[in-house]
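The values are calculated or read from the model by the stated rules, or taken from the named source; none is laboratory data. Bear in mind that the values here come from a model prediction, so they are computed numbers and not experimental data. Cβ coordinates were reconstructed from backbone atoms using ideal geometry, including for glycine residues, and neighbour counts include every protein chain displayed.
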Amino acid sequence: MAEIPYSTALIVGAGPGISASVARALAAAGLKVGLAARNVEKLAPLAAEIGAATFAADAADPDAVAGLFDAVDARFGAPDVVIFNAAARVRGRIVDIDATDVRRAVEISALGGFLVVQQAARRMVPEQHGAILLTGATASVKGFALSSGFAMGKFALRGLAQSAARELGPQGVHVVHFVIDGGVRSAARPDPTDSPDSTLDPDGVAESYLAALRQPRSAWSWEIELRPWVERF
């Protein structure tokens, strides 16, 4: 198996589920790991488990994101893997939903993604080296009823990933967007006994994130879709 050609990872929007599994896998592969979220107290058990550093930041705030990267630089040096996992869900009928809530959802998923990609690129482009991974969802490619705000943010994040991959790839920076097309398994959300494997195992998802980091630059993916094998397309 190819070695991961990176040394330091920052996960923005860290928490349980996919980001926790990715953090464990990165640490097991020998990378230094930083975990960022608005509420860092929830990250304490994971950080202690894998020896990660934690950073408080609001992904939708330009000054906070710039400060986050400065803090990571001071602690570890510039990260050469950056994973954006932040998102905000807002549900409701279009005729009823609060526009302020929609704005916040789009700011976190879309603007937050841009701010993180921008700060990462400013560090990676001069080195001609780095990887930026963006966590999408089914809503990145298909908007559902009562989920317009979430779909808007995720569609925008996918557009950012596509543009960034085309712009930054020739400069040595690998950008990958992951379409997480299904529910993610957890202790609170196990597979129904009559429908095994109907959700995504977060550890399995993490394997695909690390596989992307191992891709040779002559054959980079810009987008990877992951879904339960039992799903009917």
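Sort out which residues of the stretch 168-196 are charged (D, E, K, R), exposed (fewer than 14 other Cβ atoms within 10 Å of the Cβ) and over 23 Å from Ala86 (Cα atoms), and write them in order of number. Walk me through how you get there before you give the answer.
Here is the first cut: in the stretch 168-196, the ones charged (D, E, K, R) are 181, 185, 189, 191, 194.
From what is left, the residues that are exposed (fewer than 14 other Cβ atoms within 10 Å of the Cβ) are 189, 194.
Result: Asp194, single match.
Take Ala121 and decide whether it is more than 26 Å from Pro16 (Cβ to Cβ), crowded, with 19+ Cβ neighbours inside 10 Å and under 18 Å from the mean Cα position of the chain (by Cα). Steps first, please.
On the way: more than 26 Å from Pro16 (Cβ to Cβ): yes; crowded, with 19+ Cβ neighbours inside 10 Å: yes; under 18 Å from the mean Cα position of the chain (by Cα): yes.
Yes: the conditions hold for Ala121.
Only residues that are modelled with pLDDT under 95 and either touching a Pro at 6+ places or on another chain (Cβ under 8 Å) or among the aliphatic types (A, V, I, L, M) (or both): list them for the stretch 128-144, please.
Of everything in the stretch 128-144, those that are modelled with pLDDT under 95 and either touching a Pro at 6+ places or on another chain (Cβ under 8 Å) or among the aliphatic types (A, V, I, L, M) (or both) turn out to be Ala137, Ala139, Val141.
Starting from residues that are surrounded by 22 or more Cβ atoms within 10 Å (Cβ to Cβ) and among the aliphatic types (A, V, I, L, M), keep the ones in the stretch 53-76 and report whichever is nearest to Ala9 (Cα to Cα).
Among those residues, the one meeting the criterion is Val72.
If you check every pair at least six apart or on different chains, which have Cβ atoms under 7 Å apart with a residue in the stretch 37-59 that is within 24 Å of Phe114 (Cα to Cα) first and a residue that is part of a loop (DSSP other than H, G, I, E, B) and among the acidic types (Asp, Glu) second?
From the stretch 37-59, the pairs are Arg38/Asp58.
Regarding Pro79, is this residue part of a loop (DSSP other than H, G, I, E, B), in contact (Cβ under 8 Å) with a residue 60 or more places away in the chain and surrounded by 20 or more Cβ atoms within 10 Å (Cβ to Cβ)?
When the stated conditions are applied, Pro79 passes them.
Is it fair to say Thr193 is more than 27 Å from Ala120 (Cα to Cα), in contact with a strand residue (DSSP E or B) (Cβ under 9 Å, 6 or more places away or on another chain), at pLDDT below 85 and of a type in the set (Val, Ile, Thr)? Show your work before the answer.
Details: more than 27 Å from Ala120 (Cα to Cα): yes; in contact with a strand residue (DSSP E or B) (Cβ under 9 Å, 6 or more places away or on another chain): no; at pLDDT below 85: yes; of a type in the set (Val, Ile, Thr): yes.
So Thr193 does not fit the description; no.
Return the total of residues in the stretch 109-137 being small (Gly, Ala, Ser), in a helix (DSSP H, G or I) and over 10 Å from Val82 (Cα atoms). Quick ask: steps written out before the conclusion?
First, pick out the residues of the stretch 109-137 that are small (Gly, Ala, Ser): 109-110, 112-113, 120-121, 130-131, 136-137.
From what's left, in a helix (DSSP H, G or I): 109-110, 112-113, 120-121.
Restricting the remaining residues to those that are over 10 Å from Val82 (Cα atoms) gives 109-110, 112-113.
Result for the stretch 109-137: 4.
Which of the numbered conditions does Arg24 fail, given that it passes all the others? Conditions: (1) in a helix (DSSP H, G or I); (2) under 23 Å from Leu157 (Cα atoms); (3) of a type outside the set (Phe, Trp, Tyr).
Exception for Arg24: condition (2).
So Leu213 fits all but one of (1) buried (at least 16 other Cβ atoms within 10 Å of the Cβ); (2) more than 19 Å from the chain's Cα centre (by Cα); (3) over 30 Å from Ile94 (Cα atoms); what number is the exception?
Of (1) buried (at least 16 other Cβ atoms within 10 Å of the Cβ); (2) more than 19 Å from the chain's Cα centre (by Cα); (3) over 30 Å from Ile94 (Cα atoms), only one is false for Leu213: (2).
Being within 18 Å of the chain's Cα centre (by Cα), crowded, with 19+ Cβ neighbours inside 10 Å and at pLDDT below 95: is that true of Ala87 here? Before the answer, list the steps.
Numbers: within 18 Å of the chain's Cα centre (by Cα): yes; crowded, with 19+ Cβ neighbours inside 10 Å: yes; at pLDDT below 95: yes.
Criteria met by Ala87.
Could you tell me how many of the residues in the stretch 138-157 are of a type in the set (S, T, N, Q), surrounded by fewer than 23 Cβ atoms within 10 Å (Cβ to Cβ) and part of a helix (DSSP H, G or I)?
Let us first name the residues in the stretch 138-157 that are of a type in the set (S, T, N, Q), namely 138, 140, 147-148.
Still in the list and also surrounded by fewer than 23 Cβ atoms within 10 Å (Cβ to Cβ): 138, 147-148.
Imposing the further condition that a residue be part of a helix (DSSP H, G or I) reduces the set to 138, 148.
Qualifying residue count for the region: 2.
Consider Gly13 carefully, then state whether it is within 14 Å of the chain's Cα centre (by Cα), at positive phi and modelled with pLDDT of 95 or more. Step through it out loud before you land on a result.
Details: within 14 Å of the chain's Cα centre (by Cα): yes; at positive phi: yes; modelled with pLDDT of 95 or more: yes.
So Gly13 passes the test.
Would you point out the residue of the stretch 210-233, among those that are in a helix (DSSP H, G or I) and touching a residue at least 12 places away in the same chain (Cβ under 8 Å), that is nearest to Arg158 (Cα to Cα)? Quick ask: steps written out before the conclusion?
Taking the stretch 210-233 as the starting set, the residues that turn out to be in a helix (DSSP H, G or I) are 210-213, 217-219.
Remaining after also requiring touching a residue at least 12 places away in the same chain (Cβ under 8 Å): 210, 212-213, 217.
Numbers: Leu210: 20, Ala212: 17, Leu213: 19, Arg217: 21 Å.
Here the residue is Ala212.
Do we find that Ile11 is in a loop (DSSP other than H, G, I, E, B), buried (at least 18 other Cβ atoms within 10 Å of the Cβ) and touching a residue at least 12 places away in the same chain (Cβ under 8 Å) in this structure?
Judged against the criteria, Ile11 is not a match.
In the stretch 25-44, what count of residues is obtained for those that are modelled with pLDDT of 95 or more and either over 25 Å from Leu213 (Cβ atoms) or among the charged types (D, E, K, R) (or both)?
2
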